[in-house]
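Colleague: One structure, pasted below without further comment.
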Amino acid sequence: MSDLKNDRLLRALLREPVDVTPVWVMRQAGRYLPEYRAKRKRAGDFMALCQNPQAACEVTIQPLDRFDLDAAILFSDILTIPDAMGLGLYFEEGEGPRFRKPVRSAKDIEELTPVNTTSDLPYVLDAIRLIRSELNGRVPLIGFSGSPWTLATYMIEGGSSKDFARIKTMAYSNPALLSVLLEKLAVSVTDYLNAQIMAGAQAVQIFDTWGGVLSGKAYREFSLKYMARIVAGLNTQAEGRTVPVILFTKGGGGWLEAIAATGCQAIGLDWCQDIGEARARVGDRVALQGNMDPAVLRASTTAIEAEVATILQSYGQGAGHVFNLGHGVTPDIDPQQVAAFVDAVHSMSVNYH
Ligand code: CP3
């Protein structure tokens, strides 16, 4: 069952030797692909795609049929957890995610029950089992979750936010109340990721998209502490292998040493830091994933190749690097530029291994 034909991703995440640097792309299944847009149209909307395991499986595999990627990532969303907690997730065209019942008061927080993945989110586990069977060992499957802090921003703000006014007000005026919510989310995320691993996820990533809007002290108190608890609570042995855990805090470049100390196997980097400097700081404690600016994909193939070369050279010789963008690929990107990116990573990285 765990006979992987391509295990570069898992090897690099554990800092084991590889032939070339593995590469995958955050949001690799998404609106920049015409076949995704067609499938979503037929399914009705985005959540219908997520909740239909057959459709989620098909969309997960779409980018693998186009590009020479070294991993699949489950097609789903981080907001499945608050949706399962009863907040009523919906997507307003052009406005991103919204909740019908945002969490605002002490009563709202006390009434929330942590998710039981098997009974509350069976569609996610069904999708994972189906994708594993369809992949048939082609590449590993990455599972994921949002971090408690990042989930809490959406739950309290009621959707996307620019200033995080409501959650920051709570953090600084009633930190004990916020910690009750973050604790329930940490329990939920631990259960969610353990269930994903049991269903067949071979690596997991925690998306802490909004950790970087905090001060260093607030980051440790409201985001990192809960991610460390989750890492400690994961059962990371499955099918005779270690399931690596990747922590991605966007804007977390100042705190790499602290993130490495959680016990995660890898840190996801955005493009705002030099990957060579990051490597010098974390040494051989963790692998690094990243970190090309997604905006480079709007430029020429030559510019993409130059940027890939710069990042490979900055990281330097040896294992422990998974190539990715520093954040998700955007809907305006031409798929041919993604192909150029993936192929450049493979062809140019031979010299570093
Ligand atoms: O990476 C992948 O290909 C796997 C699928 C995936 C999606 N969302 C699909 C998606 C993953 C890993 C996510 C994570 C996610 N979702 C994050 C963390 C990652 C990040 O980007 O920092 C966040 C913050 C969310 C919440 C969310 N979901 C937002 C803000 C949006 C709207 C985005 C937009 O540009 O409109 C979504 C919707 C969403 N999730 C889409 C996809 C493909 C677009 C939905 C559509 O219209 O088809």
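Colleague: Output the relative contact order of the range 1-146, whole-number percent, from Cα pairs under 8 angstrom with separation of 6+ residues.
Modeller: Relative contact order here is 32 percent.
Colleague: Take D45, D126 and order them by how many other Cβ atoms sit within 10 Å, fewest up front.
Modeller: Working: D45 12, D126 17.
In order of increasing Cβ crowding within 10 Å: D45, D126.
Colleague: Relative contact order, percent, of the chain when contacts are C-alpha pairs under 8 Å separated by at least 6 residues?
Modeller: 23
Colleague: Another one. Given only helices, namely DSSP H runs of n ≥ 4 each adding -39500 (n - 2.57), what is the per-residue ellipticity at 222 nm of the chain, to the nearest 500 deg cm²/dmol?
Modeller: So the helix-based figure for the chain works out to -13500 deg cm²/dmol.
Colleague: With unit charges on the beta carbons (Lys and Arg positive, Asp and Glu negative) and the dipole taken about the Cα centre of the range 1-148, which residue among N116, A43, S147 sits farthest to the positive side?
Modeller: A43
Colleague: Residues of the range 315-353 with the amide nitrogen closer than 16 Å to a label point 7 Å from the Cα of R31, along Cα-to-Cβ, please.
Modeller: 328-335
Colleague: What does the charge dipole of the range 8-352 about its Cα centre add up to, to the nearest 20 debye, if the Cβ of each Lys and Arg holds +1 and the Cβ of each Asp and Glu holds -1?
Modeller: Working: 33 positive and 37 negative charges, 105 e Å.
So the magnitude is around 500 debye.
Colleague: Can you compute the charge dipole magnitude of the range 197-353 about its Cα centre, using +1 on each Lys and Arg Cβ and -1 on each Asp and Glu Cβ, nothing else charged? Give it in debye, rounded to the nearest 20.
Modeller: 640
Colleague: Which order do the peptides 46-59, 184-197, 263-276 take when ranked by the mean count of other beta-carbon atoms within 10 Å per residue, highest first?
Modeller: Numbers: 46-59: 19.3, 184-197: 23.4, 263-276: 20.9.
Highest to lowest by the protection proxy: 184-197, 263-276, 46-59.
Colleague: A follow-up question, please. Report, to the nearest 10°, how far helix 34-43 tilts away from the longest principal axis of the Cα atoms in the chain, using its own Cα long axis and a range of 0 to 90°.
Modeller: Helix 34-43 sits roughly 30 degrees off the main axis of the chain.
Colleague: Relative contact order for the range 173-270 using alpha-carbon pairs under 8 Å, separation at least 6, rounded to a whole percent?
Modeller: Values: 118 pairs, mean separation 30.7, N = 98.
Contact order relative to length: 31 percent.
Colleague: For helix 175-199, what angle does its Cα long axis make with the longest principal axis of the chain, in degrees from 0 to 90 and rounded to 10?
Modeller: Approximately 50 degrees, to the nearest 10.
Colleague: Taking the highest mean first, how do the peptides 92-99, 346-353, 73-80, 130-137 order by number of other beta carbon atoms within 10 angstrom per residue? Each step should come with its number before you reach the end.
Modeller: Working: 92-99: 12.2, 346-353: 15.1, 73-80: 22.5, 130-137: 16.6.
Going from most to least packed, we get 73-80, 130-137, 346-353, 92-99.
Colleague: I'd like the projected area of the chain, averaged over all directions, using the convex hull of its alpha carbons. Report it in nm² with one decimal.
Modeller: 15.7
Colleague: Could you check the spin-label model distance between N351 and D332? Points 7 Å from the Cα along Cα→Cβ, value in nm.
Modeller: Going from the N351 label point to the D332 one covers 3.3 nm.
Colleague: Divide the volume of the convex hull of the Cα atoms of the range 9-97 by its number of residues and quote the answer in cubic angstrom per residue.
Modeller: Dividing the Cα hull volume of the range 9-97 by its residue count gives 122 Å³.
Colleague: Nearest 5 percent is fine: what portion of the DSSP beta bridges confined to the chain is antiparallel? All intermediate terms of the calculation are to be shown ahead of the outcome.
Modeller: Details: 7 of 31 bridges.
Around 25 percent antiparallel, to the nearest 5.
Colleague: Okay, next question. Given a 10 angstrom Cα cut-off, can you work out which residue in P102, P331, P140 is the most mobile in a GNM of the chain?
Modeller: P331
Colleague: Also, I was wondering about something else. Taking Cα atoms, how many degrees apart are the long axis of helix 301-315 and the longest axis of the chain, rounded to 10 and kept between 0 and 90?
Modeller: With rounding to tens, the tilt is 80 degrees.
None of the figures in this text is laboratory data; all of them are computed from the coordinates on show. Nothing here was measured: the structure is a model prediction, and the numbers come from that model. All Cβ positions, glycine included, derive from the backbone under ideal geometry; neighbour counts span all protein chains shown.
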